[in-house]
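Pasting a structure here, questions to come.
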Amino acid sequence: MIFPKLLKAGDKIGFFSPSSPATVFAPKRFARAKTFLESKGFELVDGSLTGKSDSYRSGSIQARAEELNQLIRDPSVRCIMSTIGGSNSNALLPYIDYQAFKRDPKIIIGYSDVTALLLGIYQQTGIITFYGPALVASFGEFPPLVDETYRSFIDLLSKPQQSYSYSMPAVWTDVKHDWETQSEAKPVYDNQWQFIGSGCYTGRIIGGNLNTIAGIWGSPYMPEIEQGDILLIEDSLKGIESVERSFAHLFACGVFDRISAIILGKHELFDDKGTGRSPLDVLVEVINGKEVPILYGFDSCHTHPMLVTPIGVQAELDFDKETLKLTHQWLDDEKK
């Protein structure tokens, strides 16, 4: 297990577009996101596909892989952040320069379709990756939601600490807005996390976007789900029938027999097809009586604000105290 160095003021954050061309279809939100992070003291480094589009994607498979590899090989870049997700990040996995990443471990962060890259890099290198905000999608949001997302980002990635305890944001939203006409903060809902079960469980956090995981399942880029793991799963813009299929896939693969607990994130704009059922209801039906404790409604997902979740670290999920805590130490550069 390899921890990348913590971020420092003035560090360079390189961004890349492994699937959808968000820098093209959302130029105002892109500009707002860059300005936001630059105002925090970071220098932003454009990926080579910035401002480019090849229909549904930012470029060819080889061009997208090379964009990422250029940032991996640049020693001045200390954090690599996706601009957004999409549907095709898994195509890059055979072409990533994993050896260069191992020689110079750095933070790589994103969510949604970028799950494929986060899990693949972790599996191939042992470097901890981070399920968290993407440049355009997350940091292009308006205050106060973007401030809450940034707080999680900076607390986890720049501050050495013995452990880290998550706090539930007071509010959240999945309200859909046209990004290019949005001019103010989105309406919000009161937040609630549900701790369903009892006892205290420790294990490695593994997972990410539910639909994306299926695209690398059984490949050399998917970490094996181990006994005692804590499974993080979330999805976006899916109907209840698709979510049931994804949960049933995990069930058929024996995943729920091996994990110790589940962190089920909010599902953005979930379509229940008029059933009145939630993703939690579907999951409970699929696991069919298995005693797997579930934290439901966690905010590491497609909603705002977004909490950063390291992939591959040990965590403690206490259902009696209703707490989630990372138990690995983050060490400063002098102690590494």
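Points 7 angstrom from Cα along the Cβ direction at residue 280 and residue 104: gap in nanometres?
4.6 nm
Shifting gears a bit: For region 1-60, what does the alpha-carbon gyration tensor say about shape, rounded, prolate or oblate, given a ≥ b ≥ c as the root eigenvalues, a/c under 1.5 as rounded, and a/b over b/c as prolate?
Working: a/c = 3.02, a/b = 1.48, b/c = 2.04.
Verdict is oblate for region 1-60.
Each residue of region 171-176 in order: what ³J(HN,Hα) in whole Hz does its phi give by Karplus 6.51 cos²θ - 1.76 cosθ + 1.60, θ = phi - 60°, with x for Gly and Pro?
Here the 3J(HN,Hα) series is 9, 7, 8, 10, 4, 8 Hz.
Mind giving me the FRET efficiency for residue 74 and residue 170? R0 is 35 Å, r the Cβ-Cβ distance, nearest 0.05 is fine.
On the way: r = 38 Å, r/R0 = 1.10.
It comes out at approximately 0.35.
Set Lys and Arg Cβ to +1 and Asp and Glu Cβ to -1, take the dipole of the chain about its Cα centre, and tell me which of 188, 60, 304 lies farthest positive.
With unit charges placed on the Cβ atoms, the residue in question is 60.
Take the residue pairs 8/52; 28/325; 186/325; 5/238; 159/321 and return only those whose Cα atoms are more than 32 Å apart. Mind showing how you got there, number by number?
Details: 8/52 30 Å; 28/325 36 Å; 186/325 29 Å; 5/238 36 Å; 159/321 25 Å.
Distance filter (> 32 Å) returns 28/325; 5/238.
So for the pair residue 252, residue 237, with labels modelled 7 Å out along Cα→Cβ, what separation do we get in nm?
Distance between the two pseudo-spin positions: 2.6 nm.
Once you wrap a convex hull around the alpha carbon atoms of region 163-211, what is its projected area averaged over all directions, in nm²? Walk me through the numbers before you get to the answer.
Values: hull surface 25.6 nm².
Mean shadow area of the hull around the Cα atoms is 6.4 nm².
Using a Förster radius of 56 Å, what is the FRET efficiency between residue 162 and residue 189 based on their Cβ-Cβ separation? Nearest 0.05, please.
Details: r = 33 Å, r/R0 = 0.60.
E(calc), rounded to 0.05, equals 0.95.
So if R0 is 22 Å, what FRET efficiency would residue 63 and residue 180 give, r being the distance between their Cβ atoms, rounded to the nearest 0.05?
Values: r = 25 Å, r/R0 = 1.15.
For residue 63 and residue 180, the calculated efficiency is 0.30.
Net charge near residue 145, counting Lys/Arg +1 and Asp/Glu -1 over other residues with Cβ under 12 Å of its Cβ? List each step's numbers first, then the result.
Values: positive: 151, 186; negative: 141, 147, 148, 174, 184, 299.
Value of the local net charge: -4.
With a/c under 1.5 counting as rounded, go ahead and sort region 132-215 into rounded, prolate or oblate using the C-alpha gyration tensor (a ≥ b ≥ c being the square roots of the eigenvalues; past the cut-off, prolate if a/b is larger than b/c, else oblate).
Values: a/c = 1.62, a/b = 1.51, b/c = 1.07.
Prolate is the answer for region 132-215, as a/c is 1.5 or above and a/b outweighs b/c.
For residue 321 and residue 154, calculate 0.36 nm times their separation in residues minus their Cα-Cα distance, and state this gained length in nm to one decimal. Mind dumping the intermediate values first?
Details: separation 167, 0.36 × 167 = 60.12 nm, distance 2.57 nm.
Taking 0.36 nm per residue and subtracting the Cα distance, the gain is 57.5 nm.
Residue 291 label point, 7 Å along Cα→Cβ, cut-off 20 Å on backbone N: hits in region 162-202?
Label zone hits: 195-202.
Same structure, new question: Distance in nm between label sites at residue 147 and residue 25, each 7 Å beyond Cα in the beta-carbon direction?
About 3.1 nm separates the two model spin labels.
Hey, another quick one. About the Cα centre of region 170-290, how large is the charge dipole given +1 on each Lys and Arg Cβ and -1 on each Asp and Glu Cβ? Please answer in debye to the nearest 20.
Details: 10 positive and 18 negative charges, 58 e Å.
That gives a dipole near 280 debye.
Quick check: from the Cα gyration tensor, does the chain come out rounded (a/c under 1.5), prolate or oblate?
On the way: a/c = 1.37, a/b = 1.25, b/c = 1.10.
Rounded, because the longest to shortest axis ratio a/c is under 1.5.
Moving to a separate point now. What does the charge count around residue 228 come to, taking other residues whose C-beta lies under 9 Å from its C-beta (Lys +1, Arg +1, Asp -1, Glu -1)? Don't skip to the answer; put the middle values down first.
Details: positive: 204, 258; negative: 226, 229.
Local net charge: 0.
Each reported figure results from applying straightforward, stated rules to the coordinates on display, with no laboratory input. Computed from a predicted model, the values in this text were never measured in an experiment. Cβ sites come from the backbone with ideal geometry, for glycine too, and all protein chains shown count toward neighbours.
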